[in-house]
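The values are calculated or read from the model by the stated rules, or taken from the named source; none is laboratory data. A quick note: this is a predicted structure, and the numbers were derived from the prediction, not measured. With ideal geometry, Cβ positions are generated from the backbone for all residues, glycine too; neighbour counts draw on all protein chains shown.
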Amino acid sequence: MNSSPVAVPGGATGPSSAGSPDLAIETAGLVKRFGRQSAVQDIDLAVPRGSVFGFLGPNGSGKTTTIRVLLGLASASSGKVRVLDEEMPQALASVLPRVGALVEGPGFYPFLSGTGNLMRLDAADPHASSSTRRRRVQDALERVGLSHAAGKKVRAYSLGMKQRLGLANAMLRPRELLVLDEPTNGLDPQGTREVRNLVRSLAAGGTTVFVSSHLLAEVEQMCTHVGVMSAGRLVAQGPLDELRSSGQAHVVVQTPDVDRASRVLARLGIVPGEAPGTGSPWGTTAVLGTGINGREPEAIVAALVAEGVRVRGFTVENASLEERFVSLTGEGFDVVG
């Protein structure tokens, strides 16, 4: 496992000491220790404005600790933090009104309704206008699909409904930055799609969305950029497409001449292996080759045909985000961090 930051081609490599107005979040050498234990070590995080940034990592990798430091909920042991181009925590008072957050699960008064909770939370915000409060609460509930349950007491809400209410609270006022910790937790597939579409619409309107998640399929469909944490270090960050393409591509050859195809691939420096699933419409089997070493697909097919391999199907597949995640962290991904 590579424990030092890996910048994918075209990805951000970390902020300058002066900061950048093009970044919504940036850290330089961020360290957070608990006693002698370092929870976060030398993090250079760079989150472009207007992006949907997926923050990934296995359990205990330092994601939540990093988020708490960014929001001023915990102090850094060393390093620099800038949020919306202002130094933190010095600028907490001016930055936090521009940030909406859902961190470590929503907490509400169970004896109040969804509307009642949001009205009270909004009233506690000194920057919120009382004259537009009810309208804004209604709009927020509608955006997360809770209008039908607005008058129901929160103690009767399911986990997914509470998660939606937490999102509504984060969006009571226009925000430049949204920080969401596992925003689809407890949601059914329909709710997950709605949150995904909501996040996209917010980003389209100029809001930067920072999403901590362990659901790689959701991140692939929702995010434009990704950062990967492992053992307290940021091991990769950058545009999602470039992070995926920096992994090893695969070729899949459909052919009845499996042994011969495997030998040709090996001679080309492509590691042959068994492809998942052996059937095909032609009754052939598939050979999986890993690492095409910059070779053009046409050249690979030509080499196969030249050796008498009957090629009945040929595809090139980039590494999935799951494969890149596992290669970077050395761990599985279906965990909460």
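Would it be correct to say that Gly145 is modelled with pLDDT of 90 or more, under 30 Å from the mean Cα position of the chain (by Cα) and not charged (D, E, K, R)? No.
Assess whether Val95 counts as being under 30 Å from Ala28 (Cα atoms), assigned by TED's automatic domain parsing to the domain that holds Lys63 and either of a type in the set (Phe, Trp, Tyr) or surrounded by 17 or more Cβ atoms within 10 Å (Cβ to Cβ) (or both). Yes: the conditions hold for Val95. Checked against the criterion of being in the same structural domain as Leu30 (by TED's automatic domain parsing), in contact with an Asp or Glu (Cβ under 7 Å, 6 or more places away or on another chain) and either over 30 Å from His127 (Cα atoms) or modelled with pLDDT under 90 (or both), the candidates Asp181, Asp188 yield just one match: Asp181.
Against the conditions (1) out of contact with any Ser or Thr (no Cβ under 7 Å at 6 or more places or on another chain); (2) charged (D, E, K, R); (3) outside any helix (DSSP H, G or I), Asp122 satisfies every one except (3). Among the residues of region 195-202, some residue qualifies, meaning at least one is under 19 Å from Ala24 (Cα atoms), out of contact with any helix residue (DSSP H, G or I) (no Cβ under 7 Å at 6 or more places or on another chain) and either among the β-branched types (Val, Ile, Thr) or crowded, with 18+ Cβ neighbours inside 10 Å (or both).
Scanning region 143-171 for residues that are in contact with a strand residue (DSSP E or B) (Cβ under 8 Å, 6 or more places away or on another chain) and either in a loop (DSSP other than H, G, I, E, B) or outside the structural domain of Pro48 (by TED's automatic domain parsing) (or both) gives Ala150, Gly151, Lys152, Met171. Name the single residue, out of those in region 287-303 being at pLDDT below 85 and surrounded by fewer than 18 Cβ atoms within 10 Å (Cβ to Cβ), that is nearest to Asp259 (Cα to Cα). Only one residue fits best here, namely Thr290.
Taking the criterion of being surrounded by fewer than 20 Cβ atoms within 10 Å (Cβ to Cβ) and modelled with pLDDT of 85 or more, the residues of region 204-220 that qualify are Ala204, Gly205, Gly206.
Residue-wise test of (1) within 17 Å of the chain's Cα centre (by Cα); (2) buried (at least 17 other Cβ atoms within 10 Å of the Cβ); (3) modelled with pLDDT of 90 or more; (4) under 21 Å from Thr184 (Cβ atoms).
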| site | (1), (2), (3), (4) |
| --- | --- |
| Gly11 | yes, yes, no, no |
| Ala24 | yes, yes, yes, no |
| Leu30 | no, yes, yes, no |
| Asp42 | no, yes, yes, no |
| Phe53 | yes, yes, yes, yes |
| Leu56 | yes, yes, no, yes |
| Ser61 | yes, yes, no, yes |
| Thr65 | yes, yes, yes, no |
| Leu71 | no, yes, yes, yes |
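Looking across region 304-322, the residues that are at pLDDT 65 or above and touching a strand residue (DSSP E or B) at 6+ places or on another chain (Cβ under 9 Å) come down to Leu304, Val309, Arg310, Val311, Arg312, Gly313, Phe314, Thr315, Val316, Glu317, Asn318, Leu321.
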